[in-house]
1. Among the numbered conditions (1) surrounded by fewer than 21 Cβ atoms within 10 Å (Cβ to Cβ); (2) more than 21 Å from Leu16 (Cβ to Cβ); (3) among the aliphatic types (A, V, I, L, M), tell me where Leu135 comes up short.
2. Can you go through Gln162, Gln192, Gln182 and tell me which one is touching a Ser or Thr at 6+ places or on another chain (Cβ under 6 Å), surrounded by fewer than 19 Cβ atoms within 10 Å (Cβ to Cβ) and either in contact (Cβ under 8 Å) with a residue 60 or more places away in the chain or not basic (Lys, Arg) (or both)?
3. How about the stretch 7-32: which of its residues are touching a residue at least 40 places away in the same chain (Cβ under 8 Å), hydrophobic (A, V, I, L, M, F, W, C), buried (at least 24 other Cβ atoms within 10 Å of the Cβ) and not in a loop (DSSP other than H, G, I, E, B)?
4. Considering only residues that are modelled with pLDDT under 95 and among the aromatic types (Phe, Trp, Tyr), look in the stretch 148-189 and name the one that is nearest to Thr104 (Cα to Cα).
5. Conditions: (1) surrounded by fewer than 17 Cβ atoms within 10 Å (Cβ to Cβ); (2) under 23 Å from the mean Cα position of the chain (by Cα); (3) closer than 26 Å to Ser94 by Cβ; (4) among the charged types (D, E, K, R). Arg212 meets all but one. Number of the miss?
6. Check off (1) within 20 Å of Ala77 (Cα to Cα); (2) surrounded by fewer than 21 Cβ atoms within 10 Å (Cβ to Cβ) for Ala152 and give me the number that stays unchecked.
7. Scanning for something touching a His at 6+ places or on another chain (Cβ under 7 Å) and modelled with pLDDT of 95 or more, does the stretch 27-42 turn up at least one residue?
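The values are calculated or read from the model by the stated rules, or taken from the named source; none is laboratory data. Note that the structure is predicted; figures quoted are calculated from it, not measured. Cβ placement follows ideal geometry from the backbone for every residue including glycine, while neighbour counts extend to all protein chains displayed.
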Amino acid sequence: MQKAVLITGCSTGIGLRVASDLKQRGYRVFATARKPSDVDMLANQGFEATQLDLDSSESISTALEWVLARSGGELYALFNNGAYGQPGAVEDLSRDVLRQQFETNVFGWHELTCKVLPVMRKQGYGRIIHNSSVLGLITLKYRGAYNASKFALEGLSDTLRQELAGTAIQVSLIEPGPIESQFRKNAYQKFQENIDSNNSAHKEVYAAVNARLSKTDIERQRDPFTLGPEAVTKCVIHALESKRPKPRYYVTVPTYLFGFLRRVLSTRLLDKVLLKISDDENK
């Protein structure tokens with residue numbers, strides 16, 4: 001039997017590429033997306049696809065029931081990937097905006113994972129893979145909502161891994177840095193929707209943030225540290241197929257660099273490095 005893998009956030013970027021690569025590798029991929037139009041696109045590409053909105057408990061339950069009905073009640077792995085980034089200074093994030101960031105990036109993943117775990121316990125094996133970020137290791141200015149969501153995800157995942165010790169259910173975190181995707185485009189949209197830049201104490205910096213997020217795909221690809229989404233696939237495959245999958249997978253040079261600096265520098269020294277990066281980025 002083909003090993004069944006459920007993937008969230010497959011409309012573009014990492015989710016779509018991982019789904020395609022795993023399907024070619026022989027996995028039975030259940031690809032999900034929030035928008036019906038994206039589900040149709042996935043189905044047209046030959047995927048077993050269904051709608052899954054991480055902000056909706058009903059959608060999560062319906063999607064998982066649909067998957068299990070087709071997989072014979074078994075699921076080898078869950079790859080949680082669907083997420084977005086909400087830019088903006090911490091003081092400019094309303095309670096509702098911050099809550100929405102957590103609904104999608106943390107609470108939806110948590111709920112789906114908790115619904116999958118009884119299936120994996122019953123079958124006696126499974127792999128849980130969470131696509132985190134380098135911003136789950138360090139923080140950068142004007143990314144407070146996204147930083148916080150990924151730090152929360154890291155804490156939940158580490159705890160879950162400890163609680164599942166002694167079972168055959170493995171938990172891994174993947175921590176990419178810059179990857180070619182629609183992430184910046186979506187972040188720019190959220191910035192425009194939810195941040196009142198004209199009435200902010202950070203108004204001048206927001207002009208630079210606006211210019212950075214609105215860069216074209218060609219301009220963004222000039223970044224020598226940005227990798228294609230296939231770099232994430234390599235880590236997902238190892239997490240799926242290794243007898244001892246890693247708790248963490250670093251992807252891109254910035255992740256390795258910041259992971260190292262976090263270990264060797266004091267908090268104040270690391271702050272200086274990160275402030276310099278943010279200030280240069282937003283000039």
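1. Evaluating Leu135 over (1) surrounded by fewer than 21 Cβ atoms within 10 Å (Cβ to Cβ); (2) more than 21 Å from Leu16 (Cβ to Cβ); (3) among the aliphatic types (A, V, I, L, M) leaves (1) as the failure.
2. Working: Gln162 fails: touching a Ser or Thr at 6+ places or on another chain (Cβ under 6 Å); Gln192 fails: touching a Ser or Thr at 6+ places or on another chain (Cβ under 6 Å).
Residue meeting the stated conditions: Gln182.
3. Within the stretch 7-32, Ile7, Ile14, Leu16, Val18, Phe30 qualify.
4. Going through the qualifying residues, I end up with Phe183.
5. All conditions are met except number (1).
6. Against the list (1) within 20 Å of Ala77 (Cα to Cα); (2) surrounded by fewer than 21 Cβ atoms within 10 Å (Cβ to Cβ), Ala152 comes up short only on (1).
7. In the first step, residues of the stretch 27-42 are kept if they are touching a His at 6+ places or on another chain (Cβ under 7 Å); the result is none.
No.
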